[in-house]
Amino acid sequence: MLLEAIRMGGSPLLMAARLVQNRLSPPTLILLYHRVTNLESDPQLLAVSPRNFFDQMRYLKENFPLVRLEQAPVDKPAVAITFDDGYADNALEALPILEELQVPATFFVATDLIGTDREFWWDEVERLLLLEREYPTFLELTAGGEGGRWETATVAQRARCYRELLPLLRRDLPEQREEHLARLRLWAGTGAVGRETHRALSVEQLRRLAASPEVTLGAHTLSHSSLSVLQVSRQREEIAGSRARLEQWSGKPIEVFSYPFGTRDDYTAETLSLCREMGFARTCSAFPGQWRSGTDPQQLPRQVVRDWDLHTFKKRLSRFWLS
Ligand SMILES: [Zn+2]
């Protein structure tokens, strides 16, 4: 396992230390998924094909204890499955596989778009900039406090604009981002209705998800903004608001939460206090690491899974235990 991981480019010293640590305190790997579906284009690499997801889940089921996030870590290496955001395919394509293989999973849902025909904002930016259509030759937009002018005549220029716009919009307040999206729509000459392939869950799909014995629902804010950009009162609104809506729709208490984007820059010490105050049992980040006794239950590390075939998945997994 160590040699394999080192071959994949890790620091030998850190990994050797992890290996010793893993012997003393068996880790749980928390895997992070977003979508299970086949997409024609997926610039954020969020989708895992149903075929690869099935193979990944079957392999895990046959080889590891699969634990729920709300359980304590067990006394041997284990795996927990989580999903972020609340895409419709979570209910349509992931859930049947999880139920067939009896794999428990936690779904963190950002609630503003549930039951609407809109797309999550990063997908909408893709739709407004990267799909094939006639475009104006340049775009002028002020976002995240910074103004920008981008050439948009060619595919490569629009791809660059897309790459540069996302981090700017991530620093926007939710209402600023809405305004910027509205201006982008006008510029692209198209409306707000999203692609069928990029819908969030409907309320009915969310209820179906919540009713499954394999599923735990978790909150993931209202607008999927980076919490560190928001005032504390606004952070509270985002976290408590998404929890309340999920509790209302599912009729179940919501006891876990994950930070949108989930890097250490996407939340603050105030966010940690808020989540503590609200009594969440576990809160997930999205930086790599392992969950073991002693890990801060408010910043559980997770490992992002991509659309890997089984061979690649096994290799990545061997690295995840050590990095
Ligand atoms: Zn998210």
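What follows draws every value from the coordinates through simple rules; no lab data is involved. It should be emphasised that the depicted structure is a prediction, and the values quoted were computed from it without experimental measurement. Glycine gets a Cβ as well: all are built from the backbone with ideal geometry, and neighbour counts include every protein chain shown.
Work out how much length GLN231 to LYS76 would gain on full extension: take 0.36 nm times their residue separation and subtract the Cα-Cα distance, in nm to one decimal.
Length gained, GLN231 through LYS76: 51.7 nm.
May I ask you to list the lysines whose Cα is less than 17 Å away from that of LYS314, ignoring any residue fewer than eight positions away on the same chain?
Qualifying lysines at Cα under 17 Å: LYS61.
Show the residues, 5+ positions off or on another chain, whose built amide H is closer than 5 Å to the amide H of ALA219.
VAL109, VAL256, PHE257, SER258
Give me Rg/Rg_expected for region 88-245, where Rg uses Cα atoms only and Rg_expected = 2.2 N^0.38 Å with N residues.
Relative to the rule-of-thumb radius for its length, region 88-245 sits at 1.17.
What is the Cα coordinate range of region 46-92 on the first, second and third principal axes, sorted by size from largest, in whole angstrom?
Extents along the principal axes, in whole Å: 34, 22, 16.
Can you sort SER228, SER233 from fewest to most other Cβ atoms within 10 Å of each residue's own Cβ?
Ascending Cβ contact count within 10 Å gives the list SER233, SER228.
Arranged by the count of other C-beta atoms within 10 angstrom, fewest first, what order do VAL229, VAL20 take?
VAL20, VAL229
Would you mind ranking ASP266, ASP85 so that the residue whose beta carbon has the fewest other beta carbons within 10 Å leads the list?
With the sparsest Cβ surroundings first, the list reads ASP266, ASP85.
Once the convex hull of the alpha carbons of region 121-188 is built, what does its volume come to per residue, in cubic angstrom?
67 Å³
Once Rh is set to the Kirkwood radius over Cα pairs, what Stokes-Einstein translational diffusion coefficient, in µm²/s, holds for region 169-217 at a temperature of 20 °C and a viscosity of 1.002 mPa s?
This corresponds to a translational diffusion coefficient of 158 µm²/s.
Three principal axis extents, largest first, for the C-alpha atoms of region 38-118, in Å?
On the principal axes, region 38-118 reaches 44, 26, 23 Å in Cα extent.
When the expected Rg is taken as 2.2 N^0.38 Å, what fraction or multiple of it is the alpha-carbon Rg of the chain?
1.01
From the helices alone, meaning DSSP H stretches of at least four residues, give me the mean residue ellipticity at 222 nm for the chain, per-run term -39500 (n - 2.57), in deg cm²/dmol to the nearest 500.
Mean residue ellipticity, 222 nm, calculated: -12500 deg cm²/dmol.
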